[in-house]
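What follows is a set of notes on a single structure, which appears directly below.
The values are calculated or read from the model by the stated rules, or taken from the named source; none is laboratory data. The model shown is predicted, which means the values in this text are computed figures rather than measured ones. All Cβ positions, even for glycine, are placed from backbone atoms using ideal geometry, and neighbour counts span all protein chains on display.
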Amino acid sequence: MQIVLDAHIPFASDIFSKMGEVHAVAGHDIGPETVKNADMLVVRSITRVDKELLNGSRIRFVGSATAGTDHIDTEYLSGSGVQFANAPGANADSVVEYVLASLALLSSKSGEHLLEKSIGIVGCGNVGGRLADLCTALGMAVFLNDPPREEEEGSALFTPLPELLERCDILSIHTPLINIGRHSTLDLISHEQIGLLREGTWLVHTARGGVCNEGSLLRARREGRLSGLVIDVWENEPFPNSQLMEAADVATGHIAGYSIDAKRRGVMMIREAASRFFESSGTSAESAGDPIERTITESGRATSETGHLDSVIRQMVAIRGDDQRFRAAMARTEDRTLAFHTYRADYPERYSFSAYRAPATSTDARISSGAQILIALGLQSPG
């Protein structure tokens, strides 16, 4: 069996080598000639999979090690008899941890206590649902909006979008990008919706470019309605809006879900789906590498519970470094497409919170609940 896969998917070559002959190719170099004689294709979101790519090939299975399917013409695959699998939920914890790292940074910068704020979560699937559970466990007031889920489950758990926008201190967006229909999310958060927000609201956007109208975000930021702004996804990737990037507190290049654990989980989900399709024996998840326990250290600079949370989370999610590298990459080259893709391909190793052990509870009364908070976030108990 011939298998073509994106060379920048960690663990993929080793995992899929048990199924056949692997050809690892950079995602942006995967073209019709690359896949012509292949039986299986495994991609990331960088590769558009459609008739133009697959026509005339012998591809029978396409896997995308991502939650989203914007880059996949699923209708064409279905009509052509090509099996498709993706990895919904594989990166949920990673995205949630990115959101929490961003909020901890904003909290530290502003001096405002994160856990005393209310959060509105728009889109309550794998990521939004996980974020809601954690924020609830931390004692935050949580408001949820998800019209498709509300139709199925009733309105008891959900808040209409206008009401949610008026009541939350933090807005976190987690919907897919849907261009048509009554549940369209294109420009879901635009000028009208932002006008309902309280002045000083924090907004974190890790969904899909196009869900938030970038012109409206920029205007709200300049007018002071948004005192905190974090953006990981962009309308015109790989060409991020330079003005919005400059205005944001945190700007990164679609890497919120890029923890090592998320990538490993996504690859294994595709491997298992391919094994079932080809009736092949699978490899165990352990072949992708076992988690390594890491220990968090106390920060001498933390002078409050808010500072403590930020100082600990930054050891796991280097959000400041992610932001600085992205700005530098976008500024230093005329080939922004290459810079954007290189930034993502060369993203440093990041591990999930569950790979870390929380530090022992501090004797300082100002931060005495820090370890308990971190355990609630998924870290292991202090040794």
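Quick notes
- Per-region count, region 244-260, residues of a type in the set (Asp, Glu) and touching a residue at least 24 places away in the same chain (Cβ under 8 Å): 1
- Residue list for region 189-235, filter: out of contact with any strand residue (DSSP E or B) (no Cβ under 8 Å at 6 or more places or on another chain) and aliphatic (A, V, I, L, M): LEU196, LEU218
- With respect to the stated conditions, GLU166 fails to be touching an Asp or Glu at 6+ places or on another chain (Cβ under 6 Å) and either farther than 19 Å from SER110 by Cβ or surrounded by 16 or more Cβ atoms within 10 Å (Cβ to Cβ) (or both).
- Residue list for region 347-375, restricted to those being at pLDDT 80 or above and under 16 Å from SER94 (Cα atoms): TYR347, PRO348, GLU349, ARG350, TYR351, SER352, PHE353, SER354, ALA355, TYR356
Each row is one residue, and each column tells you yes or no for (1) within 28 Å of THR206 (Cα to Cα); (2) in contact (Cβ under 8 Å) with a residue 12 or more places away in the chain; (3) in the same structural domain as ALA274 (by TED's automatic domain parsing); (4) surrounded by fewer than 23 Cβ atoms within 10 Å (Cβ to Cβ).
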position	(1), (2), (3), (4)
VAL25	yes, yes, yes, yes
PRO32	no, yes, yes, yes
ASP39	no, yes, yes, yes
SER57	no, yes, yes, yes
SER64	yes, yes, yes, no
GLU75	yes, no, yes, yes
SER78	no, no, yes, yes
VAL82	no, yes, yes, yes
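- Residue count for region 223-232, restricted to those that are within 19 Å of the chain's Cα centre (by Cα) and within 22 Å of LEU196 (Cβ to Cβ): 4
- Hey, ILE189 β-branched (Val, Ile, Thr) and in contact with a Lys or Arg (Cβ under 6 Å, 6 or more places away or on another chain) or not: no
- When residues of region 109-141 are limited to those that are over 16 Å from ALA256 (Cβ atoms) and crowded, with 21+ Cβ neighbours inside 10 Å, the one farthest from the chain's Cα centre (by Cα): LEU114
- Residues satisfying the stated conditions in region 169-183, i.e. at pLDDT 95 or above and either more than 24 Å from ALA104 (Cβ to Cβ) or assigned by TED's automatic domain parsing to the domain that holds ILE72 (or both): none
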